[in-house]
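The values are calculated or read from the model by the stated rules, or taken from the named source; none is laboratory data. In this text, all values refer to a predicted model and were calculated from it rather than measured experimentally. When we count neighbours, we look across all protein chains shown, and the Cβ atoms used for this are built from the backbone with ideal geometry, even at glycine.
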Amino acid sequence: MNLILELLDNHVLMAAIIAWFAASVIKTLIHGFLNKEISLERMVGSGGMPSSHSATVCALALATAFDYGLSSFPFAIAVMFAIIVMHDASGVRQETGKQAKVLRQLIEELSKEDLTKGIPVDNLKEFVGHTPLQVLMGALLGIAVSAILYATIY
């Protein structure tokens, strides 16, 4: 019981978790609205608007600043971690999603001529990375969540 209370009292961790959850819910609702179906996979899946990765790491960084200060070692680590995660989400992982989309189209064309035997199509995920706008919106959401938590609760 003490372990759970200690975790709940960790303001930095709670800000990051709440920001992740908020971004995941929003992402799921936006995906449902645009596609006329609710997919709970969007709660934990990569890609989509807003970036839950960006929301999480930005909430983590701002909460770290509030708890430890801007000149602290933990804040430096949190900021660098956030930069790396957001760069990766909009860079490498975004390109991987684009490649999966092209491969899927190529496989569809090849399947018309029955040339796709043995090609694992089901494993290609197109929702892998984020556009810069999705990363920005996730970052702003994470900053807002952390700021609101620290202004009202902590």
Any chance Glu113 is exposed (fewer than 13 other Cβ atoms within 10 Å of the Cβ), at pLDDT below 75 and closer than 21 Å to Gly138 by Cβ: no
For residues that are surrounded by 17 or more Cβ atoms within 10 Å (Cβ to Cβ), of a type in the set (Lys, Arg) and more than 22 Å from Ala147 (Cβ to Cβ), tally how many sit in segment 1-53. 1
Met49 is checked against (1) closer than 19 Å to Ile143 by Cβ; (2) more than 16 Å from the chain's Cα centre (by Cα); (3) among the hydrophobic types (A, V, I, L, M, F, W, C) and fails just one. What number does that condition carry? (2)
Subset of segment 48-75 [small (Gly, Ala, Ser), farther than 22 Å from Thr28 by Cα and assigned to a loop (DSSP other than H, G, I, E, B)]: Gly69, Ser71, Ser72
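May I ask you to say which residue of Val128, Val79, Val102 is surrounded by 16 or more Cβ atoms within 10 Å (Cβ to Cβ) and modelled with pLDDT of 70 or more? Step through it out loud before you land on a result.
On the way: Val128 fails: modelled with pLDDT of 70 or more; Val102 fails: surrounded by 16 or more Cβ atoms within 10 Å (Cβ to Cβ).
Exactly one of Val128, Val79, Val102 is surrounded by 16 or more Cβ atoms within 10 Å (Cβ to Cβ) and modelled with pLDDT of 70 or more, namely Val79.
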